[in-house]
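Asker: Take this structure first; my questions come after.
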Amino acid sequence: MRDYQVKTIRALDRGLEVLDYLHRSRNASLHDLYLATGLPKATLTRIIATLEARGLIWQRLADGAFMASHTYQPRPLRSTTKIFWLKWPRPYWSVYAKR
């Protein structure tokens, strides 16, 4: 991947940090997110509202905990993908080479 000389988007980074934490921890309350990220609860509330509106997280009715939906799945590293292609038997290569 290219090494761009630009600043990152801080708001996007914060939202992805929350989403990543919810994915790893399975579920978390607002207070758990506050302790894990250090972000103010007002900011977390806005991030949660945005992620919920996009269908990336949902809130359990039983205890109010937030959970990442199954639509968010981290992708494997590029090097893993290359190894996958190398493990395919040769007859399949010719099928994809013709495309």
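Asker: Starting from the Cα-Cα distance between residue 12 and residue 42, subtract it from 0.36 nm times their residue separation and give me the gain in nm to one decimal.
Answerer: 9.2 nm
Asker: Separation between the residue 5 and residue 70 pseudo-spin-labels, each 7 Å from Cα along Cα→Cβ, expressed in nm?
Answerer: My value for the distance between the label points is 4.6 nm.
Where a number appears in this text, it was derived from the coordinates with a stated rule and is not lab data. Quick caveat: nothing in here was measured; it's all calculated off a predicted structure. Positions of Cβ are backbone-derived with ideal geometry, glycine not excepted, and every protein chain shown enters the neighbour counts.
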